[in-house]
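The values are calculated or read from the model by the stated rules, or taken from the named source; none is laboratory data. Note that the structure is predicted; figures quoted are calculated from it, not measured. When we count neighbours, we look across all protein chains shown, and the Cβ atoms used for this are built from the backbone with ideal geometry, even at glycine. Remember, those area values only see protein heavy atoms, side chains included, never the ligands or the DNA or RNA. Shrake-Rupley method; radii C 1.70, N 1.55, O 1.52, S 1.80 Å.
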Amino acid sequence: NLLALHRIATLRHDELGQETLLNLLLRNYLHYNLYDQAEKLRSKAPRFEAHSNHQFCRYLFYLGKIRTIQLEYTDARESLLQAARKAPVAALGFRIQCNKWAVIVRLLLGEIPERTVFMQKGMEKALRPYFELTNAVRIGDLELFRNVAEKFSSTFKSDGTHNLIVRLRHNVIRTGLRNISISYSRISLVDVAKKLRLDSANPVADAESIVAKAIRDGAVDAMLDHANGWMVSKETGDIYSTNEPQIAFNSRIAFCLNMHNEAVRALRFPPNSHKEKESAEKRRERQQQEQELAKHIAEEDDDDF
């Protein structure tokens, strides 16, 4: 029924109807976890300028969820944060959902959300599970992360973020390993496995593979001593001698420029505001000319008759 209505709205060039029906279709697909179909519909649907801020916020939220499942975390974060920012203040439930997903996406990207995100008015209780989850990821404590995931599993399942939290386990291990590499110049893999609290059958082998992968990805600046079973951390250099500050500064500038461009595109002007306001004298002259023209046309009609 919704697809048929969307087709009718498209044929009639009813853009507001297309926005509303597209959001209803996306919500229906996402409810049944049909993310591939939702992305196909979204990519093939006609593109048009958003006429309703409410519908545009819903669209950004659904787009953020699709991008998150497709592992496109950077685009997902932008969509979710924009949806939360544009949402009306009265739409508290919608803003809570946007912030929940945005927190998970930022954690998957390796970012730690600010405490003020969880202290927003009216959201403290709803975001409490995600605050504790963020704390576990920030510390890098795998055991605490596991306890939080089990404690609030029903909440995460109802929010639809349970599968995403399973993905976070690797981020927790990587954060804990980074803290270890900063604290110790040399540490055995047995102690690494104990500190990470790996609960596998062969924790030392798992610790070695985790360390090797983290070194390859550039998460930690260290080297593996296979002969002695050690992880040897390299001396921490000055971060300002690297490109990290430049990258962070560039990302902030890009965010501000995008926000400015969005604000400019969202500007609305009254019709004919670009024309100069005519004075009373010009208006009288125009009316007089119109009357003379009408009189002249009427005289020509009388002559023809």
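Quick notes on this structure:
- Among the candidates V204, V192, V148, V117, residue that is within 22 Å of the chain's Cα centre (by Cα), open to solvent by less than 60 Å² (accessible area, probe 1.4 Å) and either aliphatic (A, V, I, L, M) or over 25 Å from Y73 (Cβ atoms) (or both): V117
- Selection from segment 85-105 of residues that are of a type outside the set (F, W, Y) and farther than 13 Å from F118 by Cα: R85, K86, A87, P88, V89, A90, A91, L92, G93, V105
- Any hit, segment 174-181, residues being modelled with pLDDT of 75 or more, over 16 Å from G110 (Cβ atoms), surrounded by 13 or more Cβ atoms within 10 Å (Cβ to Cβ) and more than 28 Å from the chain's Cα centre (by Cα): yes
- Tabulated pairs, segment 21-39, first open to solvent by 40 Å² or more (accessible area, probe 1.4 Å), second among the polar types (S, T, N, Q), C-beta under 8 angstrom, 6+ apart or interchain: Y29/Q37
- All of R252, R286, R265 fail the test of being open to solvent by less than 100 Å² (accessible area, probe 1.4 Å), at pLDDT 75 or above and not aliphatic (A, V, I, L, M), apart from R286.
- Number of positions in segment 71-101 that are more than 16 Å from F255 (Cα to Cα) and either open to solvent by 50 Å² or more (accessible area, probe 1.4 Å) or part of a helix (DSSP H, G or I) (or both): 14
- Condition check for G237 on (1) open to solvent by 70 Å² or more (accessible area, probe 1.4 Å); (2) at pLDDT below 70; (3) closer than 22 Å to G110 by Cα; (4) not polar (S, T, N, Q): one failure, at (1).
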